[in-house]
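The values are calculated or read from the model by the stated rules, or taken from the named source; none is laboratory data. Since the model is a prediction, treat every value here as computed from it, not as a measurement. Counting neighbours? That spans all protein chains shown, and the Cβs are built from the backbone with ideal geometry, glycine included.
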Amino acid sequence: MLIRQHFYDFEIEELCCQLERCKTLMITVHQICEVLVNLMENRDPFTKDHSEKVAVFSYMLALELGLPPKVADLIHIGGHLHDVGKFSLPDSILKKPGPLTKEEWQLVKQHPVVGAKCFENIKIFQGKGGVIEMILYHHERWDGKGYPYGLRKREIPLSARIIAVADAFSAMIDRRPYREPLSFDLALEELKKVQALNLTQR
């Protein structure tokens, strides 16, 4: 119970108020987001279903932390959309079977900015800890070594930190062009090792 109280902060209260005003739109918004993600992932078979996993893991983690179900629903949407900025990447980068060059990596690191900009005029996605911030900050790290802005600790919204954990876990259990997937148990152990360095310290 102590952990759950610790995570329930003012930004979640703001999200609850925002969702209460827009709750009748949530189902339609969610369905549209799934269609967008399916279009993106059809370009790249190696990331097929990745966003769905991130969305489900994020939702489960949000509930485990004691967040209200309607906030977990919004985080679920953020999980679906977290990589939508990769639409802007050419196939030569998105489907590259080997390591990226320095220049290619710099382009990849812009996908959170590109993705967030796609939704900047959607009111239900705006606000502290909202979907736009989930997309924009999901690659920031607790130690300040993430991207695109090098935010540290609680400068990173809770919702984005939740998606970061889910994204990392999904990436480990997904098959990639350059490596085989880890088992569920091994991925969980790896996640525990790096959590103190770059995910969501309490």
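Hey, could you check segment 107-145 for residues that are among the small types (G, A, S) and part of a helix (DSSP H, G or I) and say which is farthest from I93 (Cα to Cα)?
Taking the candidates together, the pick is A116.
Mind checking which residues of segment 66-108 are within 20 Å of M134 (Cβ to Cβ) and among the hydroxyl-bearing types (S, T, Y)?
Passing the criteria: only S88.
Looking only at residues that are modelled with pLDDT of 85 or more and among the aliphatic types (A, V, I, L, M) in segment 36-63, which one is surrounded by the most Cβ atoms within 10 Å (Cβ to Cβ)?
V54
In segment 122-174, which residue that is buried (at least 16 other Cβ atoms within 10 Å of the Cβ) and hydroxyl-bearing (S, T, Y) is modelled with the lowest pLDDT?
The residue in question is S170.
Hey, does segment 95-114 have a residue that's at pLDDT below 90 and in contact with an Asp or Glu (Cβ under 8 Å, 6 or more places away or on another chain)?
Yes; the residues of segment 95-114 include at least one that is at pLDDT below 90 and in contact with an Asp or Glu (Cβ under 8 Å, 6 or more places away or on another chain).
Please indicate, with yes or no, whether at least one residue in segment 43-62 is part of a loop (DSSP other than H, G, I, E, B), more than 16 Å from the chain's Cα centre (by Cα) and farther than 20 Å from L191 by Cβ.
Yes, because at least one residue in segment 43-62 is part of a loop (DSSP other than H, G, I, E, B), more than 16 Å from the chain's Cα centre (by Cα) and farther than 20 Å from L191 by Cβ.
Out of (1) in contact (Cβ under 8 Å) with a residue 24 or more places away in the chain; (2) in contact with a Phe, Trp or Tyr (Cβ under 7 Å, 6 or more places away or on another chain), what's the single condition that is false for A72?
(1)
Could you pull out the residue among H82, H30 that is surrounded by 20 or more Cβ atoms within 10 Å (Cβ to Cβ) and modelled with pLDDT of 70 or more?
After applying the criteria, what remains is H82.
Any residue at all in segment 161-180 that is over 15 Å from the mean Cα position of the chain (by Cα), within 30 Å of C17 (Cα to Cα) and not β-branched (V, I, T)?
no
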